[in-house]
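Read-outs: derived from the displayed coordinates by stated rules, not from any lab. No experiment lies behind these values; they were computed from the predicted model shown. In this analysis, Cβ positions are derived from the backbone assuming ideal geometry, glycine residues included, and neighbour counts consider all displayed protein chains.
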Amino acid sequence: MDGNGRWAKARRLPRVAGHRAGVDAVRRIVRAAPRMGIETLTLYAFSSENWRRPADEVSDLMSLLRHHLLAELEELDSAGARLSLIGDWRAMKPDVVERLENAIESTRGNDRFRLVVALNYGGQDEIVRAAQHLAARVAMGEIAAAEISAEMIEAELDTAELPPVDLIIRSSGEQRLSNFLLWQAAYAEMWFTPVLWPDFDEAVLREAIEAFAQRERRYGGR
Ligand code: IPE
Ligand code: MG
């Protein structure tokens, strides 16, 4: 979800206004996705590198997270949505962690739609954590190093319980992954749009899905 800052700048507004408009876009897309037949949607909300931003911006993003994501949950729950998180979110402030844990727990039984939020997420960090777990198992003598397979690495990733990634969308004209779902992107389709995240709406999402439907996926075959 990129482009909040540029959206605000174009309107001579403070960056936080862009982040607030970004929250409105999240709300629109989370409502539109299940209506369009999307079963799982992952939003890259805060990366493990976003801590490098100025402290006041980090604190604005955290308060938006506290007040909005969590306030939306009741509605998510009544819409049959289940919340999951990926990333090192347990390293966040204890009050945020506690509220997130409650949200995950209270929506656990829902199966109409899966909303995954990537929080304090970095693809390299995720792979590092998986490697540490497997290395610990080798050290304990549970498995041999040579036994480690792609499936075993996958089972250690934050996305272990989630379906494979079909499509990665990036807004705001940037054409890079920026540490998002690095392992999972191996055979994912990518779609880029110049639309800034606060302007992202159902029509843009539809455009992405239509482009995806035209793609021929071969997974290395022919
Ligand atoms: C939102 O957009 C990204 C988040 C951390 C939520 P940006 O803040 O990166 O916006 P630009 O790239 O400055 O336009
Ligand atoms: Mg950006």
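Annotations for the structure displayed:
- Between the exposed loop cleavage positions of the chain, defined as GluC sites (Glu not before Pro) in a non-H, G, I, E, B DSSP state with at most 14 neighbouring beta-carbon atoms within 10 angstrom, the longest gap is 50-141.
- Mean ellipticity per residue at 222 nm, deg cm²/dmol - from DSSP H runs of n ≥ 4 across the chain, formula -39500 (n - 2.57): -13500 deg cm²/dmol
- Estimated from the Cβ-Cβ distance and a Förster radius of 35 angstrom, the FRET efficiency linking Arg112 and Arg215 is about 0.85.
- Mean shadow area of the chain, taken as a quarter of the surface of its Cα convex hull (nm²): 14.0 nm²
- One decimal place: the segment Arg35-Met190 gains 53.6 nm when fully extended, by the rule 0.36 nm per residue minus the C-alpha distance.
- Computed from Cα atoms, the angle from the helix 123-139 axis to the main principal axis of the chain rounds to 20 degrees.
- Förster-model FRET efficiency, 41 Å R0, Ala203 and Ala131, C-beta, rounded to 0.05: 0.50
- Cut-off 12 Å between beta-carbons: net charge of the residues surrounding Arg31, Lys and Arg +1, Asp and Glu -1: -2
- Taking amide H as placed 1.01 Å from N in the peptide plane, the amide H of Ile143 sits under 5 Å from that of Val138, each at least 5 places away or on another chain.
- Amide H to amide H distances under 5 Å link Gly173 with Thr193, Val195, where only residues 5 or more positions off or on other chains count and H is placed in the peptide plane.
- Separation of segment 9-68 from segment 108-147 is 25 Å, based on Cα centroids.
- Calculated FRET efficiency for the pair Met152/Arg52, C-beta based, R₀ 30 Å, to 0.05: 0.40
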